[in-house]
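In what follows, a structure is listed as structure tokens, so that the remarks can point back to it.
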Amino acid sequence: MNAPRDDLLPDAPSCGRNREPILSHLKRLLADPQCLLEIGSGTGQHAVYFAPRLPHVRWQTTDRADKLPGIRAWLEAEPATNLLPPLQLDVSGEWPPVQADTIFTANTFHIMSAVTVEALFRHLPLALRPGGRLIVYGPVKIGGEFVGQGNAAFDQSLRQGDPDMGIRDLEWLDGLAEAAGLRRTELNYLPANNQLMVWHKTIEGS
């Protein structure tokens, strides 16, 4: 791999902290060859770490236009044959005509507005192939309660910066998923009070 250039590569320190716990689940969940669509690839650091360790998964990065140069820089610095160039995707706008077996997103729901999260779920019936799944990593509230006091403080700081942000309720997400023809099959507890959730596209939603 080429040595990354600090002046070109955006850095999200949390990616280095959470990538191993996430990967341990992705190896289990993504055991078969498939196409994965990552929503909100951010800096691209997750993609360049996960893709070469899941060589049978065709990994499609996406994000808003302003994030694409940073993602391209990381993909150039740490290329993988199964890692595709980023596509522009604004969750609330038009999606590129891509269908995936799995949609993955990490640390996005709490920085998206509630309206944007709703838009993401509305797009799932067309973006996911029959039997496909949605994998989401990040903090959620369960039964209306924060998982750890750190999450409560984090939620407060998010809302002070932008009232549209905030940690979402798992039950609310389940309701959006059900309306989109998906059913939750997993809730995994990861370090730092984060969760990894899996929803499967049901036969009715295929």
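In the context of the full set of protein chains, residues of the chain present 48 Å² of accessible surface per residue (probe radius 1.4 Å, heavy atoms only).
Membrane-span-like helices in the chain (whole DSSP H runs, Cα extent of at least 15 Å along the helix axis, mean Kyte-Doolittle hydropathy of at least -0.5): 114-127.
Highest mobility in the GNM of the chain, judged by mean-square fluctuation with C-alpha springs under 10 Å and restricted to Ala180, Ala80, Ala152, is found for Ala152. Shown for the chain: the carbon plus sulfur share of the solvent-accessible area, taken with all protein chains present and a 1.4 angstrom probe, equals 52%. The alpha-carbon of Lys27 sits under 22 angstrom from the alpha-carbons of these lysines, leaving out residues fewer than 8 places away in its chain: Lys201.
Specify the longest stretch of the chain that does not include any exposed loop site, a site being one of the trypsin sites (Lys or Arg not before Pro) with a non-H, G, I, E, B DSSP assignment and at most 16 other Cβ atoms within 10 Å.
Counting only loop sites that pass the neighbour cut-off, the longest clear stretch is 65-206.
The values are calculated or read from the model by the stated rules, or taken from the named source; none is laboratory data. Values in this document were obtained by computation on a predicted structure and should not be read as measured data. Here the Cβ is made from the backbone with ideal geometry for all residues, glycine too, and neighbour counts use every protein chain on show. The accessibility values were calculated without ligands, DNA or RNA, using every heavy atom of the protein model including side chains. Shrake-Rupley method; radii C 1.70, N 1.55, O 1.52, S 1.80 Å.
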